Structures are given as C-alpha cells and as structure tokens.
Amino acid sequence: MVTTVMTGWMQRPFVALGMLAIAMAMIPLNDALIKLMSAYMPLAEIALIRGVLSMIVLAVFTGGVGSMLALPARVFWSFYGRGMCLVLAMILYFVPLGSLPLPTVITIFFVSPLLITLLSVPFLGERIGVHRMLSVCMGLIGVLVIIRPGTADFQIEAVVVFGAALSYAAFQIWTRRLKSVGNLSAMVTVQQLCYITGFLPILLVNYFMPRAASDNATLDFLFRAPVMPGMQDAGFFVICTAVVLFLSMASSNAYRSVEASMIAPFEYAAIPFAVIWAIVIWDDWPDGLSWLGMGLILCGGLYTIWRERAREVEVMTSTPMPASASAAQAAQGEADSEPRS
C-alpha cells in the first residue's frame, strides 16, 4: 500500500519534473568527480569499475543477464555494435576532461540532440523543416564559438568532445532502428558488457605499457598506469553511483509520467549546473565567448523542442537526452523486469 501511494505521488508531473531537475543538477557533479580522479587514475580503470558495479546491479535486481544470454546471435551483435558507439562516446567525452573546463565539455556534448535530428534524415528517413534546420545550425555555430578554430585559444580536445556528441548521436539512431528488436533489459545489459569488454583491453595496456607523466593531461588520463583506489576514491565512486542511480530513477519516472517534450528543457539544466560545479570546485568561470556558445546551443536545442511540440512531431524529444539516456534505459529495464500485478 505504501509503495503504491509513493509511486503514485512520484508520478505527479510536478514531482517527476522536480526530481529530474534535482538529478540534472547533480549529474555534473559525477563528471566533476571523474575530472578530479583524472589527475591520477586512468579513464579505463574508472569506467571498468563503474561497468562492473552496474553489471552487478543488473544481475541482482533485473533479469537482464538471462535476457542477454537468450538473445539470438544476430540481435546480440547488433546490440553490441550499438553499445560500442556509447563506449566510444564515453571515451571521447571523458578524456578531454583532463584538459578542458567541465562546462565546455558538457555544453559541446549537448549538441548531440541536434545531431540526432540531423542524422534522422539520412538514416531514419525522417523529414525536418526549415525551422529545425536553423536551430541545428544555431547549435553548431555555438560549438564553433566555443571551439574557436584557427585562434590561439583553440584546443583539439574540444573537437574530440564534438566527436563524442557525434558518436552518441549514432548510438541513439541505432537505438531507434532496434526499438522493436529484443527487449530493453537485454539491451541495457549488453551495454554494460560493452563497457567491460571495451575498457578492459585499454586497462591492460595501461598496466603493461603505461605512459610516463607529461604535460598533456588528456593523453595521461587515457594511458597512465592504474592505481589502487584509496578511501577518497571509494567515496567518489559511492557518490557517483548514488547520483547515477538517482538519475536513473528520476529520468525513467519522468519519461513514464510526463510528455517528453516537457522533460527535455529540464535536462538542459545540466549545462548551468556544470558551470556552478566548476566555479565551486575549481573557481573556473567561463569567458564571454563561452557564455555566447552555451547560449546558442541552449537556444538551438530548446527551440527544436518547442517546434517539435508545436507541430506534434517526433524527431528527438522521445529519446532521453545525453546526460540521462543510458541511465533512463537502465532504470526502465529494471521496471520492465518487475512483475505486473
């Protein structure tokens, strides 16, 4: 009875959106803690630990492992290829955190919904109008303003983050093509398997052929030797796990309770909160051009959302946004595995 009442209360739109807003305020903290660990721990070690923990959760609380083992070979490898797109996106997203400010990384990555809209034309056969094409152009101009190619402030790591957004867009396009194949629990479990199998070889390279410390924080983060996590690291992993699990619940609950087009603006709240965490932890304030680039990407994304809602079309708003996509799918997978009364 208490569970039923609690579930009903959580599904009220203002409660669901409020929980999502809190989760989106917290998820940049996850990235900030990973950025802190990037100073001494390789990315592969961080990702592998998180992947193993996620797999344990899925094995204990869902039927995902059994569903994965029951997949036909063709479907499994389709899921695996899709999952490796997200592994690549994760590498390209987190590695530049060693060199770039957190708000810059998160803001550039949030151009991916616009890329999804753009890629839906050749790969899904969807049509987009002039207004949404203009919003995509606005977001891409915002990326150029932040990256600043050809200037003294240009850093190749910013282009790497754009590659992460592109890889994530490919991941979501592939997800849509597979929406009627297999089941969500199996898809999410295969995704965690991709994290483990994708990062384990990199960690072995880190262990047997580590890169000596240099003045390139990005390459050091990718290739340095693994370390034994300390108590502080354990605390960071606990916080990151709690944040991701809360986001899983909040995002999944929101997508089941509220129209997707109403949810997306709350997910863009990750951008200003990334700025807040960067200021709190590093006293790192964006400059004027960075603010302009963030504004263009926000305006482009939010205008696309408004336009889709006004015309009742479905291009990007039915898909979770970058900060919560895999988390929302994981939580939905857990929900799908629960018995229905």
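Every number here is computed from the coordinates shown, using simple stated rules; none is lab data. These figures come from a predicted structure and were not determined experimentally. Because the Cβ atoms are built from the backbone with ideal geometry, glycine has one as well, and the counts that use them run over all protein chains shown.
Fewest neighbouring Cβ atoms within 10 Å first, the residues E157, E126 line up as E126, E157. Cα convex hull, segment 20-139: 159 Å³ per residue, rounded to a whole number.
The loop-placed trypsin sites (Lys or Arg not before Pro) in segment 20-129, going by DSSP, that have at most 10 neighbouring Cβ atoms within 10 Å of their Cβ come out as R127. Set the Förster radius R0 to 25 Å, insert the Cβ-Cβ distance between Y207 and V238 as r into 1/(1 + (r/R0)^6), and round the FRET efficiency to 0.05. Efficiency computed from Cβ-Cβ geometry: 0.50. Each Lys or Arg adds one and each Asp or Glu subtracts one; over the other residues with Cβ under 15 Å from the Cβ of V143, this totals -1.
Per 0.36 nm of contour for each residue apart, how much would the distance between M231 and M10 grow if the chain were fully extended, relative to their Cα-Cα spacing? Don't jump to the answer; show the numbers that get you there.
On the way: separation 221, 0.36 × 221 = 79.56 nm, distance 3.45 nm.
76.1 nm is the gain from fully extending M231 to M10.
Identify the trypsin sites (Lys or Arg not before Pro) of segment 176-251 meeting these criteria: DSSP loop state and at most 15 other C-beta atoms within 10 Å of the C-beta. Taking segment 176-251 and a limit of 15 other Cβ atoms within 10 Å, the loop trypsin sites (Lys or Arg not before Pro) found are K179. A simple spin-label model places the labels of I276 and R127 4.3 nm from each other, with each point 7 Å out along Cα-to-Cβ.
A simple count of charges around R50, restricted to other residues whose Cβ falls under 13 Å of its Cβ and scoring Lys, Arg +1 and Asp, Glu -1, yields -3. Arranged from fewest to most other beta-carbon atoms within 10 Å of their beta carbon, I128, I34 become I128, I34.
Remark: T107, T197, T218, T151 ranked as T151, T197, T218, T107, counting other beta-carbon atoms within 10 Å and listing the fewest first.
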